[in-house]
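Please read the structure below before turning to the comments.
The values are calculated or read from the model by the stated rules, or taken from the named source; none is laboratory data. It should be emphasised that the depicted structure is a prediction, and the values quoted were computed from it without experimental measurement. Cβ atoms come from the backbone with ideal geometry, glycine included; neighbour counts cover every protein chain shown. For accessibility, only protein heavy atoms count, side chains too; no ligands or nucleic acids. Shrake-Rupley method; radii C 1.70, N 1.55, O 1.52, S 1.80 Å.
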Amino acid sequence: MMRPTHGGNLVWAAAVAGCSPSEILDFSASINPLGPPRSAIAAIQAHLGELGAYPDPNYWELRTALGQWHQLPPEWILPGNGSAELLTWAGWDLAQLTKTFFSTPAFADYYRALKAFGAKVQECPLELEKLEDRQDACPTFSNSLECGLLLNNPHNPTGQMFLRETILPYLEQFALVVVDEAFMDFLPPEQEQSLICVVQEYPNLVILRSLTKFYSLPGLRLGYAIAHPDRLQNWQQRRDPWSINTLAAAAAVAVIQDREFQQRTWKWLPSARIELFKGLSQISGLRPYQSSANFLLVQTEHSSSTLQEKLLQHYQILIRDCLSFPTLGDRFFRIAVRSNTENNCLLQALLQQLAIS
């Protein structure tokens, strides 16, 4: 079985570990461990009777709910089959330009979406050492009004948060700016650096959001794009109809109104992340990087792919190697922040395994 390029492949992990997928403690996918919310389960159960009918192809109820959440007209929002589907259509638009700039290390799906339509790309490496010194630093790009820019904020896999003010100038310098904010909702509204507040001022701005990571619903495939209605109408015409199933749409409407779950997540994450960071910092041979998201990038003196296999075989724990991030390679791994009990299990396993490596 081929090594996965994404996190969360429990079938592959179980084959390596020699156990069932349900026995794997998964740190490879950055999913909120507090979910799925009860509101999502209740909404799914309440809409089971609608499975005999097609969904509304325009998803008007969901777009209206998302519009109310972000204080935008529903025409400015397009739900999708995860943000990955919407990234594909953003890749189509970027491919029409002379070149697309993006920072590396970068999420593997960026390469997929851009190369699928023959986009010309220019990789711009982030300097990890500078990220430690300046948490508000933003990468530097050679700008052009004939080129596109693909940004990730917070950045995956480093967890770096770029300030809104450092990104805004790019909207005047590039023909199209796509900002992937898949992990932005892990910050409470007063700490977010989202560009949603300015999207109506810039027809060349596209924002991608995920509903699966924060609300722990990756199996439902839920995401949405925020952009000028003309652009979203073009995307709608290109894609297959009914990209979101009825139960996923119902769950999405419910969870974005679940204030209790949101508050509980915002209260849990900072302390859990700090404790996990401290624990990793105390293990010889490991260097974690500060993060604003629900995951940590860790540099290791050992092979991360070998470490991944040993943790699976001996502890049934799955971490994310960084082989799919070409500029990082086999000396980095990424881990999700989970519950304190689960985080402690990981720390003990790393201590034991690295002691015998």
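Couple of notes before you dig in:
- Estimated from the Cβ-Cβ distance and a Förster radius of 30 angstrom, the FRET efficiency linking Q348 and L163 is about 0.25.
- Computed from label points 7 Å out along Cα-Cβ, the spacing between A53 and F117 is 3.4 nm.
- The distance from the alpha carbon centre of region 157-197 to that of region 1-61 is 27 Å, rounded to a whole number.
- Per the Debye formula on identical point scatterers at the alpha carbon atoms of the chain, with no solvent, log10 I(q)/I(0) at q = 0.06, 0.11, 0.13 Å⁻¹ is -0.21, -0.75, -1.06.
- Gyration tensor (alpha-carbon) shape descriptor, region 1-131, a/c threshold 1.5: oblate
- Residues whose placed amide H lies under 5 Å from that of N152, excluding near-sequence neighbours: D180
- Each Cα pair under 8 Å and six or more residues apart adds its separation to the average, and for region 195-250 the resulting relative contact order is 32 percent.
- For region 239-244, Karplus couplings with θ = phi - 60° (6.51, -1.76, 1.60), whole Hz, Gly/Pro x: 8, 5, x, 6, 6, 10
- Theoretical gain in end-to-end length, K99 to S305 [0.36 nm per residue, Cα-Cα removed]: 70.8 nm
- Accessible area of H6 in the full protein assembly, 1.4 Å probe (Å², nearest 10): 80 Å²
- Exposed GluC sites (Glu not before Pro) absent - longest run of the chain, DSSP non-H/G/I/E/B, at most 12 other C-beta within 10 Å: 1-126
- The length gained by stretching the chain between Q173 and S142 to full extension, at 0.36 nm per residue less their Cα-Cα distance, is 10.2 nm.
- Only aspartates and glutamates eight or more places from K267 in sequence, or on another chain, were considered; those with a Cα closer than 18 Å are D185, E190, E192, D258, E275, E342.
- Estimated FRET transfer efficiency (A42, T341; beta-carbon r; R0 30 Å; 0.05): 0.65
- For L220, solvent-accessible area (1.4 Å; no DNA, RNA or ligand), Å²: 40 Å²
- CD proxy at 222 nm, helix term only [per DSSP H run n ≥ 4: -39500 (n - 2.57); per residue of the chain; nearest 500]: -11000 deg cm²/dmol
- For the residue pairs K115/K213; K213/K278; K120/K213, alpha carbon separations beyond 28 Å are given by K120/K213.
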